[in-house]
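**Student:** One structure, pasted below without further comment.
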């Protein structure tokens, strides 16, 4: 399959690379189909979540465990069940990254992670109530502590 994107040009992808958010993203409820571009084997923590419905829309994402080790294991049981998961390791967890004018101040939303079932490729965006994680986790300082 192929998608034409604004940022990356034409992209070839297999159906197994497709991720679907059943309720869309907060603020973008009609955008439900995405592909993930790049991986941690590429040498860094950042990847792109490219919309298939809106060619100009791609989000920078990061695995929250890069910023808060053990984050995945702290996900609420109800969230795992909603994604059809028995254990957090069965899923893909991503945090949306915000890059302001000064990239040194980029942050990750650890209160609203994306959780995907790795087998079904279906997912949802969570809204976590816990106070221990930030809506704007400073990325560079968290990575420096690793």
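Only the coordinates and a few stated rules stand behind these numbers; no lab work does. Given the structure is predicted, the values throughout are model-derived calculations rather than measurements. Here the Cβ is made from the backbone with ideal geometry for all residues, glycine too, and neighbour counts use every protein chain on show.
**Student:** With mean projected area of the Cα convex hull in nm² defined as stated, name the option among [x] 8.9; [y] 11.8; [z] 9.8 computed from the structure displayed.
**Tutor:** [x]
**Student:** Between 134, 51, 15, which gets the highest mean-square fluctuation from a Gaussian network model of the chain, Cα cutoff 10 Å?
**Tutor:** 15
**Student:** On to the next question. Ignoring everything except DSSP H segments at least 4 long, calculate the 222 nm mean residue ellipticity for the chain; use -39,500 (n - 2.57) per segment, divide by total residues, nearest 500.
**Tutor:** Value at 222 nm, helices only: -2000 deg cm²/dmol.
**Student:** For the chain, modelled as a GNM with alpha-carbon contacts under 10 angstrom, which of 64, 88, 76 fluctuates the most?
**Tutor:** 76
**Student:** Just order 97-106, 77-86 by mean Cβ neighbour count inside 10 Å, highest at the front, would you?
**Tutor:** 77-86, 97-106
**Student:** What share of the DSSP beta bridges in the stretch 2-144 is antiparallel, in percent to the nearest 5?
**Tutor:** Counting only bridges with both partners in the stretch 2-144, antiparallel ones make up about 95 percent.
**Student:** Now, a different point. Over the chain, with a Gaussian network built from C-alpha contacts below 10 Å, which listed residue (91, 123, 16) shows the highest mean-square fluctuation?
**Tutor:** In this elastic network of the chain, the residue with the biggest mean-square fluctuation among 91, 123, 16 is 16.
**Student:** Can you tell me the FRET efficiency between residue 135 and residue 8 if r is taken as the Cβ-Cβ distance and R0 is 41 Å, rounded to the nearest 0.05?
**Tutor:** Step by step, r from the Cβ atoms, then E = 0.90.
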